[in-house]
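Below: one structure, written as structure tokens.
The values are calculated or read from the model by the stated rules, or taken from the named source; none is laboratory data. All values reported here derive from a predicted model rather than from experimental measurement. Backbone-built Cβ (ideal geometry, glycine too); neighbour counts: all protein chains shown. Note: accessible area is taken over every heavy atom of the protein model, side chains too, but ligands, DNA and RNA are not part of it. Shrake-Rupley method; radii C 1.70, N 1.55, O 1.52, S 1.80 Å.
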Amino acid sequence: MKQKVLLVDDDNESLLRSLRHSLSSESYEVVLAQNVQDAIEKSEAGEIDLLLMNLDSPTEGGWEAIGEITKENPFLPVIVIASQAELRNLAEAAGTCAFVEKPVDVPMLLQMLRKLLAVPVPRRMERVCNLISDFRHVPSGSADVHGLLHRRYTAPFHYLGLPQSRWGINE
């Protein structure tokens, strides 16, 4: 069965087409939402496996929509895409799994998406309960984005004295 990705974007048609094509070619079922209200309705109507939201849209309520959607499904992985790096802290505070800066490195985004969807529910529960922090940030314009993410996925990481964990989610 194909995993469903809810893709929300109402202002960047080229990014929407690119992501839709890339996700479909990777055998994901893409559910498109034209705005945040449409996203909430589509998330309530059917089981989705991941929310991918562009928050550069001029429509208000993107952060509220994330809260509404994750209230119904707290273990849902959420990736926010934005061109403003200062939104990173808001994304992390909103409980999203990742923040991707524009321009989007699509192969890196697909790799991140695969890893997030592979996380077992107990691990997602730990993240939701703030027992672990596995927030990912992909900066734009980095010449070595692949190296950066590799180091983040494999580097040891400590959080409030809990046992050592890894950025990689294959534990």
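A few notes on this one:
- Output for region 7-44, where each listed residue is open to solvent by less than 20 Å² (accessible area, probe 1.4 Å) and charged (D, E, K, R): Asp9
- Scanning region 18-68 for residues that are in a helix (DSSP H, G or I) and touching a residue at least 60 places away in the same chain (Cβ under 8 Å) yields Ser18, Leu19, Ser22, Leu23.
- Lone unmet requirement of (1) assigned to a helix (DSSP H, G or I); (2) under 17 Å from Val8 (Cα atoms); (3) open to solvent by 40 Å² or more (accessible area, probe 1.4 Å) for Glu86: (2)
- Selection count where residues are at pLDDT below 85 and outside any helix (DSSP H, G or I), scope region 89-128: 4
- Among the residues making up region 45-83, those that are within 20 Å of Val104 (Cα to Cα) and exposed (fewer than 15 other Cβ atoms within 10 Å of the Cβ) are Pro58, Ser83.
- Look at (1) in a helix (DSSP H, G or I); (2) at pLDDT below 85; (3) not basic (Lys, Arg) and you find that Asp11 fails only one, number (1).
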